[in-house]
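Working notes, structure below.
The values are calculated or read from the model by the stated rules, or taken from the named source; none is laboratory data. Quantities reported herein were computed from a predicted structural model and do not represent experimental measurements. Because the Cβ atoms are built from the backbone with ideal geometry, glycine has one as well, and the counts that use them run over all protein chains shown. When the accessible area is computed, the model is the full protein with side chains, heavy atoms only, and any ligands, DNA or RNA have been set aside. Shrake-Rupley method; radii C 1.70, N 1.55, O 1.52, S 1.80 Å.
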Amino acid sequence: VYILDFLAENLSADVSDDNVQRIIPNLAHQNPAVVLSAAKVILKFMDGIENTDRSRSICRKLAPPLISLMNNQPEIQYIATRNINLILMKWPNIFDKEVRVFFCNFQDPLYVKLAKLELMIRLADLQNVDQLLAELKDYAQEVDITFARKAISAIGIIAIKLEQAAERCVLAFHELIRTKVAAQYAIEEIVIVIRDIFR
């Protein structure tokens, strides 16, 4: 970990592809800290790549090891989601077909669920919006009030982010209210979020 962190801090712009190929096997390491440190070095290397095909091929190697971190304890999952969130800010297409791995499990602690919600919002696009809405509607019916409110808010953020999906988001809210499964606090949150969508 110390060696990889040192490399990440002191990587020169003209580092060779061979050196990066030596670091890629560390992505398969059992220790999550080694995986994250190796990812940091590779992402630093990608800053200097102008060839989009080359960077896309490296991204394909980078996504699965980061996703595999989601099978660890909640604390590691949380650190992985925060790091993945930062990576998505710079390379938004790195996990474009992987939204399902960030769906919440019922035994996840609240802080992991909220971090996963952030990732789902960031990964939302017109191809996966229906899948996301179905999942978020389930979350909106959770007994945990904080999580249910955040799920409703997430639907609103997706509606604002993807204008073509706004109507589908409003219909999801309509379904929640019409089926009478939504609690009073959920209906209050839905009204606030719909106001923001219309605005």
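Treating region 61-170 as a set of equal point scatterers at the Cα positions, no solvent, please give the Debye-formula log₁₀ I(q)/I(0) at q = 0.10, 0.13, 0.24 Å⁻¹. Results for region 61-170 at q = 0.10, 0.13, 0.24 Å⁻¹ read -0.26, -0.45, -1.43. In region 96-199, what chymotrypsin sites (Phe, Trp or Tyr not before Pro) fall in a loop by DSSP, with at most 10 other Cβ atoms inside 10 Å? Within region 96-199, the qualifying chymotrypsin sites (Phe, Trp or Tyr not before Pro) (loop, at most 10 other Cβ atoms within 10 Å) are Phe106. Of the trypsin sites (Lys or Arg not before Pro) found in region 110-195, those in coil by DSSP whose Cβ has at most 11 other Cβ atoms within 10 Å are Lys180. By accessible area, using a 1.4 Å probe on protein heavy atoms only, the chain has 54% of its surface on carbon and sulfur. Relative contact order for the chain: 13 percent, from Cα pairs under 8 Å spaced at least 6 residues apart, divided by residue count.
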